[in-house]
Amino acid sequence: MELDYPFHGRCLVQNSPANRVPSHGTDRFGTSFAMDFVPVDGQNRSARFTGTSLLRTEAPEKFVGFGQPVISPVTGTVVLADDHAEDHDAFRGLSSVGYALTQACRVAAGWGALAGNYVVVQDSFSGQYVALCHLRQGSIRVRVGQSIRAGTAVAQFGNSGNSTEPHVHVQAVDSLDFAQAVGLPLSFPDGLPRNGQIVGDGPERPVPSG
């Protein structure tokens, strides 16, 4: 599917299908070609890494991306939206080990538990579906049945669901039954970026203090 970037500004690419397929290590829930975008500052940091980062969890507000707009990468109709999940602390250091051990529980709970808060848009051109996941609780600005254009702000970057720091997870699928859905390859205006690449443009944002 041909997509616009789902953000303004600059993001670090993670879990890119340009590096491997399935990009997230599994074909389950239509994630074969899914990609993650992490907002960064002018020094390509999502947040300062300190001793606290190594030893403890961190509030999502510490990160550049938290609360920044997530925009629709396609023109289409909102077909699903969920805002039930709280934003949790981020895990970057030793705490990420313990978080990884709880992964199986989230997988067993299904795609919704992994996605956290999400918006799914049916592309008006292809008829396929694009999901934007890990959104900030309370930030969803669109409703099911609403027609939107590419570039419409739909929510904000959050840290809900299966997320170790604020970012947006993007995937395209052929069905709204995520237990059976097939993931679809993605393409962006400048092709398919690889892991570690910085994409997008816009003003550099400072890393929040603290």
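Near Asp123: Cβ cut-off under 15 Å, other residues only, Lys/Arg at +1 and Asp/Glu at -1. The net charge is -2.
Where Lys and Arg each count +1 and Asp and Glu each count -1, what net charge lies around Val154 among other residues with Cβ under 12 Å from its Cβ? Net charge around Val154: +3. Less than 5 angstrom separates the built amide H of Asn117 from those of Ala85, His134, Leu135, Ser160, Gly161, all sequence-distant by 5 or more or on a different chain. Annotation: peptides 29-39, 120-130, 44-54, 64-74, ranked by per-residue average of other Cβ atoms within 10 Å with the highest first, follow the order 29-39, 64-74, 120-130, 44-54.
Computed about its Cα centre, the charge dipole of region 1-118 is approximately 460 debye, with only Lys, Arg, Asp and Glu carrying charge at their Cβ.
The modelled label-to-label distance for the pair Arg56/Arg141, using points 7 Å beyond Cα in the direction of Cβ, is 3.4 nm. Taking amide H as placed 1.01 Å from N in the peptide plane, the amide H of Gln128 sits under 5 Å from that of Asp123, each at least 5 places away or on another chain. Rank Pro73, Ser175, Pro60 by how far each Cα sits towards the positive end of the charge dipole of the chain (+1 on Lys, Arg Cβ; -1 on Asp, Glu Cβ) and give me just the farthest. After comparing all options, I get Pro60. Structural size metrics of the chain, computed from C-alpha coordinates, are Rg and Dmax of 15.9, 48 Å. Applying the Karplus relation 6.51 cos²θ - 1.76 cosθ + 1.60 with θ = phi - 60° to region 17-27 yields 3J(HN,Hα) values of x, 5, 8, 6, 10, x, 5, 9, x, 7, 8 Hz, where x marks Gly and Pro.
Projecting the Cα atoms of Asn162, His84, Leu184 onto the charge dipole of region 58-189 (Cβ charges, centred on the Cα centre) puts Leu184 farthest toward the positive pole. Using only side-chain charges placed at the Cβ, +1 for Lys and Arg and -1 for Asp and Glu, the dipole size of the chain relative to its Cα centre rounds to 360 debye. Here's how it looks for Val154: its modeled amide H is under 5 Å from those of Val70, Ile71, Ser72, which are all 5 or more places away or on a different chain. Calculated mean residue ellipticity at 222 nm for the chain: -2500 deg cm²/dmol, from DSSP H runs with n ≥ 4 weighted as -39500 (n - 2.57), summed, divided by the residue count and rounded to 500.
Quick note: the coordinates plus some simple rules give every number you see, no bench work behind them. This one's a predicted model, so the numbers in the text were calculated from it and none came from an experiment. Using ideal geometry, Cβ is built from the backbone for each residue, glycine included, and neighbour counts are taken over all protein chains shown.
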